[in-house]
Amino acid sequence: MHHDDPAGPPVIITSTNRFGHDQAHPDEVLADPMELLAAWLPANDDELRPLMTLTTIGADGYPDSRSVLLSDHDERGITFHTDARTRKARELAADGRVSIVVAWVEHARQLTIAGDAEQVPAEEAAAVFRARSRYLQLLAWMNSSELAQLPRAERVARWEAFAAAHPEGELDAPPHWVGYRVRPRRLTFWRGDLEGPSNRVEYTRDADDDWTAVRLPG
Ligand SMILES: Cc1cc2nc3c(=O)[nH]c(=O)nc-3n(C[C@H](O)[C@H](O)[C@H](O)COP(=O)(O)O)c2cc1C
């Protein structure tokens, strides 16, 4: 499904900066910040997904960042999906430590996450694929490095041929489709304030799975 905005081009990546809702009393420290993460994020069944910046550790030791869609979330963590042949997948195989930023600029909110990424079972990843838009399903199938070398006209022709051969609703996840769940060890909630300074609450998980909170300047 395309979400056409008369003022702009059609949205094909289906990302959103929709904000869920905040806790009633932002100064109140929570026993479980995963509940606040769930409140800030849009619902899992919303086709429009939040965009996040995902940083992995490069083979050369440099941080390596890119945007990905946040696929879903639950009490265990958040998931994202990608192609097993990508650099991020190679990096994650070597080192699962990641850093993530989700920013809602219009709402003056930012969530940063440090955690560990682990692959999700294939059937879980396949279910997320089925919920992706037609465009993103085709992209997952057609996003090979071989195709990337071809001139645009040829890439478009191959895309059209593949789409014609695979009607909407019939595509399952390609073999290289892979999902990761990030289990947060640190969650930082940043809030802007029209009437005062911005403020952060940072939660860190300990070995017993309990969370400690500290309040930080913006
Ligand atoms: C709005 C937007 C959404 C994107 N969503 C994803 C995604 O969900 N999964 C993904 O693998 N790449 C996504 N990408 C592409 C990545 O940013 C990146 O170019 C690609 O995954 C290759 O990254 P790597 O070589 O660092 O592994 C998205 C890009 C943009 C701009």
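What follows is calculated from the coordinates using simple rules that are stated; it is not laboratory data. The model shown is predicted, which means the values in this text are computed figures rather than measured ones. Note that we place each Cβ from the backbone using ideal geometry, even for glycine, and neighbour counts take in every protein chain shown.
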Self-check item: Identity of the residue in the stretch 123-132, small (Gly, Ala, Ser) and out of contact with any strand residue (DSSP E or B) (no Cβ under 8 Å at 6 or more places or on another chain), that ends up farthest from the ligand (Cβ to nearest atom)
Solution: 127
Practice problem: Take the residues in the stretch 8-46 that are closer than 23 Å to residue 79 by Cβ, loosely packed, with under 13 Cβ neighbours inside 10 Å and not hydrophobic (A, V, I, L, M, F, W, C), then tell me which one is nearest to the chain's Cα centre (by Cα). | Solution: 45
Quiz item: Can residue 213 be described as small (Gly, Ala, Ser) and either more than 26 Å from residue 91 (Cβ to Cβ) or part of a helix (DSSP H, G or I) (or both)?
Solution: yes
Practice problem: Tally the residues that are surrounded by 13 or more Cβ atoms within 10 Å (Cβ to Cβ) and either without any contact (Cβ under 8 Å) to a residue 12 or more places away in the chain or under 26 Å from residue 105 (Cβ atoms) (or both), restricting the search to the stretch 199-215. | Solution: 7
Quiz prompt | Pairs, first free of Cβ contacts under 8 Å to residues at least 40 places away in the same chain in the stretch 16-36, second among the small types (Gly, Ala, Ser) and surrounded by 10 or more Cβ atoms within 10 Å (Cβ to Cβ), C-beta under 9 Å, six or more apart | solution = 20/38; 20/39; 20/43; 21/39; 23/39
Quiz prompt | Pairs where the first residue, in the stretch 145-156, is touching a residue at least 60 places away in the same chain (Cβ under 8 Å) and the second is assigned to a helix (DSSP H, G or I), C-beta under 9 Å, 6+ apart | solution = none
Quiz prompt | Verdict on residue 163 being within 19 Å of the chain's Cα centre (by Cα), surrounded by 11 or more Cβ atoms within 10 Å (Cβ to Cβ) and in a helix (DSSP H, G or I) | solution = no
Self-check item: Set 93, 117, 125, 89: member being on the phi < 0 side of the Ramachandran plot and more than 16 Å from the chain's Cα centre (by Cα)
Solution: 93
